[in-house]
Amino acid sequence: MPSVAMWLPFYKICFKSQTACRGRFTAALLQMSWHKANANASRFGHSAQTCRALLYRRHGDPAQVVQLEDVDMPSIGPKDVLVKILAAPINPSDINMIQGTYAILPDLPAVGGNEGVAQVVEIGSRVKSLKIGDWVIPKDAGLGTWRTKAVLAEEDIIALPNDIPLLSAATLGVNPCTAFRMLSDFEDLKPGDTVIQNAANSGVGQAVIQIAAARSINTINVVRDRPEFTQLSDRLKAIGATHVIKEEMLRRPEIKQLFKSCPKPKLALNGVGGKSATELLRHLQVGGSMVTYGGMAKQPVTVPVSALIFKDVKVRGFWVTQWKRDHSNDESKFRAMLDELCSLIKQGKLTAPLCTEVGLQDYSQAVDAAMQPFTSAKQILIM
Ligand SMILES: NC(=O)c1ccc[n+]([C@@H]2O[C@H](COP(=O)([O-])OP(=O)(O)OC[C@H]3O[C@@H](n4cnc5c(N)ncnc54)[C@H](OP(=O)(O)O)[C@@H]3O)[C@@H](O)[C@H]2O)c1
């Protein structure tokens with residue numbers, strides 16, 4: 001069985017613990033009643049609002065537990081909107097949620113998917129910030145985006161301009177926001193500085209390359225070796241990567257050559273863990289930071305004693321969901337970040353990661369593809 005992604009064994013918070021602060025979203029999940037696509041046709045026909053959704057009733061292998069079903073939806077309250085979901089990616093965290101290994105787990109049954117872009121098609125009588133036709137994305141994780149339509153609380157979504165590419169909008173809320181914050185909040189990076197990162201071909205990695213390039217920051221991009229390394233390297237350089245190297249290179253003396261053309265990194269971004277993270281740390285400047293945001297190798301991060309004593313490196317972590325929750329009372333910082341990212345998109349400086357678009361009905365093929373290594377393409381469900 002292919003394995004995935006981000007493994008967070010040390011803290012697992014049951015989604016119930018969120019119900020107090022995320023009551024409306026949880027209510028939306030609980031209000032659903034559902035029946036299989038082949039269930040009694042007359043019952044389906046009598047339902048006023050239904051949608052198609054990828055549901056799971058228990059945690060486990062996504063290939064076994066996710067099913068496409070018809071779901072009855074609640075009616076629209078005064079502060080709710082009815083949206084048509086347009087496109088939603090399959091991210092590692094979506095897979096981990098279904099497997100039951102992620103830090104937050106919705107109550108079951110749950111609809112899969114944490115991000116995506118939707119269009120408002122109907123609004124409640126007291127909705128103020130949104131109008132019909134607006135594009136919106138979720139503010140928080142756990143919304144259940146793998147469905148054709150949803151009734152959502154106005155306060156759970158945020159508008160995006162609807163003149164950016166659909167795939168950019170569908171993949172904006174998680175990975176580019178993560179890249180943006182990690183490049184902004186940990187080191188005071190100036191033009192000419194260097195950032196080193198592993199998993200450089202990931203969604204996060206591609207956003208890091210582009211946002212850094214827009215700020216004239218060098219990136220050293222580490223990827224696992226593969227037969228088509230040259231094509232991948234060319235593709236990452238075309239979106240702004242300064243250097244693209246194989247993991248093995250991190251341990252070779254030749255890497256010193258690379259630091260003749262750019263300074264040693266102030267910041268290392270780790271989405272992998274294990275040896276890959278340790279090797280990133282070895283190349284940090286004195287006093288630099290390594291920020292861990294993912295654990296694709298499912299191996300702990302080992303910090304060399306010398307890096308702590310002689311370089312005083314800072315070892316940090318980042319979770320965009322926590323950042324969004326920490327800023328949920330004052331939306332201005334989130335809004336400002338989205339505006340800046342959308343401006344980069346409109347200038348052609350930030351493109352969506354390489355994507356494979358898959359119809360919702362072909363979800364099992366998409367879920368399977370999302371769990372394969374060396375694919376370098378994000379699976380996007382098109383509703
Ligand atoms: N902390 C946060 O706020 C936050 C936010 C967004 C994402 N994340 C996490 O960041 C990670 C990347 O997410 P994404 O959506 O950008 O991923 P993605 O686009 O699906 O790409 C997955 C990446 O992981 C690499 N990878 C897979 N298995 C690996 C292994 N065993 N060893 C080394 N590399 C491996 C892949 O490289 P190959 O091409 O070589 O397979 C690829 O670069 C995930 O762990 C995700 O949960 C965290």
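The values are calculated or read from the model by the stated rules, or taken from the named source; none is laboratory data. It should be emphasised that the depicted structure is a prediction, and the values quoted were computed from it without experimental measurement. Using ideal geometry, Cβ is built from the backbone for each residue, glycine included, and neighbour counts are taken over all protein chains shown. Note: accessible area is taken over every heavy atom of the protein model, side chains too, but ligands, DNA and RNA are not part of it. Shrake-Rupley method; radii C 1.70, N 1.55, O 1.52, S 1.80 Å.
Quick notes on this structure:
- Positive-end residue, the chain charge dipole about Cα centroid, Cβ charges, pick of Trp319, Asn270, Ala170: Asn270
- Neighbour-limited loop hits for chymotrypsin sites (Phe, Trp or Tyr not before Pro), the range 265-342 (at most 10 other Cβ within 10 Å; DSSP other than H, G, I, E, B): Phe310
- Each peptide in 157-163, 359-365, 377-383 receives the mean, over its residues, of other Cβ atoms within 10 Å, and ordering these scores from highest gives 377-383, 157-163, 359-365.
- Taking each of Lys128/Lys346; Lys311/Lys349; Lys237/Lys378; Lys275/Lys346; Lys260/Lys333; Lys149/Lys346 in turn, the alpha-carbon distance tops 30 angstrom for Lys311/Lys349; Lys275/Lys346; Lys260/Lys333.
- Taking a straight line from the alpha carbon of Lys264, these aspartates and glutamates sit under 20 Å away, with near neighbours fewer than eight places off in the same chain left out: Asp185, Glu187, Asp188, Asp193, Glu247, Glu248, Glu254, Glu279, Asp312.
- Structure-based [θ]222 nm, the chain - -39500 (n - 2.57) summed over DSSP H runs of at least 4, per residue, nearest 500: -8000 deg cm²/dmol
- Relative to one another, the C-alpha centroids of the range 246-307 and the range 133-181 are positioned 32 Å apart.
- Solvent-accessible area, 1.4 Å probe, carbon plus sulfur percent, for the chain: 53
- Whole-number accessible area per residue in Å² for the range 175-321, which is evaluated in the context of all protein chains at 1.4 Å: 41
- Within the range 175-321: Cβ-based charge dipole about Cα centre, in debye rounded to nearest 20 (Lys, Arg +1; Asp, Glu -1): 160
- Anisotropy class of the range 175-321 from Cα gyration tensor, a/c 1.5 cut: rounded
- Between the helical axis of 203-214 and the longest alpha-carbon principal axis of the chain there is an angle of about 60 degrees.
- Net +/- balance of residues flanking Leu360 in space, Cβ distance below 10 Å, scoring K and R +1, D and E -1: +1
- Lys, Arg +1 and Asp, Glu -1 on Cβ, resulting dipole of the chain about Cα centre, debye, nearest 20: 680
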